[in-house]
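This report concerns only the one structure given below.
The values are calculated or read from the model by the stated rules, or taken from the named source; none is laboratory data. These figures come from a predicted structure and were not determined experimentally. Please note: Cβ atoms are built from the backbone with ideal geometry, for glycine as well, and neighbour counts cover all protein chains shown.
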Amino acid sequence: MSNFKNRVKFLSLLLPAILILTFCENKKQNSSDAELGATYNSDYRIEKKEEIVMVYITSPGCGICTLQENIEVVKQIKSRLEKKADSLELGFMTIGISNNWVIEKGYSHLEDYGSFDEVLIGNNWFGTGTMKYIFDEFAGTPAVPSLVLTKRVYGGSNNDSTFIARGVEDEQLVRRMFGIDKLREWLDQGLPLPSDI
């Protein structure tokens with residue numbers, strides 16, 4: 001009986017220590033996420049004539065795309081790119097494209113990456129987003145994960161210091177890369193952009 005009491009006493013002393021360590025670790029993780037800017041929250045509005053568009057193309061059937069490391073890199077890119085666009089006085093939007101046949105699977109997969117301003121899912125490699133950003137207008141290597149960065153210019157006018165967009169006048173490719181190594185390398189370099197952006 002005394003052995004049982006000793007175990008209960010030991011656990012009652014150990015439990016508060018575990019709770020304190022867990023709290024500190026969570027606080028450290030939240031602080032680390034904040035420092036890295038790992039959270040992008042979509043509250044998109046067309047407020048500027050020019051913007052950077054980050055298009056992320058993925059697939060739930062791609063093993064690399066489902067790795068937590070890859071997901072975290074993309075989350076950090078979104079958040080840091082938003083800050084970079086803001087410092088350049090450009091708007092910023094994100095598009096998530098999931099190449100797969102089943103819409104529900106694609107949506108669930110994109111949710112792992114956090115918030116996007118627009119999502120395009122379904123019809124696998126023949127989906128509208130994939131056709132535009134890999135095969136047609138912005139042709140490139142058909143691979144996932146891929147990141148396509150464009151600069152978009154809207155037609156429109158200012159009304160009482162508010163920009164009212166009237167369609168896209170121009171959209172130019174800024175950068176294209178695919179594979180976790182290239183994405184991580186770009187993130188580690190501080191997301192360099194061309195000087196003329």
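Points to keep in mind about this one:
- The criterion of at least 2 residues that are out of contact with any helix residue (DSSP H, G or I) (no Cβ under 7 Å at 6 or more places or on another chain) and surrounded by fewer than 16 Cβ atoms within 10 Å (Cβ to Cβ) is met by the following strands (runs of 3 or more DSSP E) wholly inside the range 81-197: 146-159, 162-178.
- Filter result for the condition that a residue is within 16 Å of the chain's Cα centre (by Cα) and modelled with pLDDT under 95, over Ser161, Ser98, Ser115, Ser157: Ser115
- Taken as a whole, the condition of being under 19 Å from the mean Cα position of the chain (by Cα) and at pLDDT below 50 does not apply to Asn26.
- Contact map, the range 136-154: first residue within 17 Å of Lys84 (Cα to Cα), second residue surrounded by 21 or more Cβ atoms within 10 Å (Cβ to Cβ) and among the small types (Gly, Ala, Ser), Cβ cut-off under 9 Å, separation 6 or more or different chains; pairs are Arg152/Gly91.
- Checking each residue in the range 144-154 for being hydrophobic (A, V, I, L, M, F, W, C) and modelled with pLDDT under 95 picks out only Val153.
- Scan of the range 56-72 for residues that are assigned to a helix (DSSP H, G or I) and either surrounded by 21 or more Cβ atoms within 10 Å (Cβ to Cβ) or without any contact (Cβ under 8 Å) to a residue 24 or more places away in the chain (or both), ordered by number: Cys65, Gln68, Asn70
- Whichever residue in the range 164-197 is at pLDDT 95 or above and among the polar types (S, T, N, Q) and, among such residues, is nearest to Ile71 (Cα to Cα): Gln189
- As for the range 124-136, it holds no residue that is under 17 Å from the mean Cα position of the chain (by Cα), assigned by TED's automatic domain parsing to the domain that holds Ile71 and within 21 Å of Asn41 (Cα to Cα).
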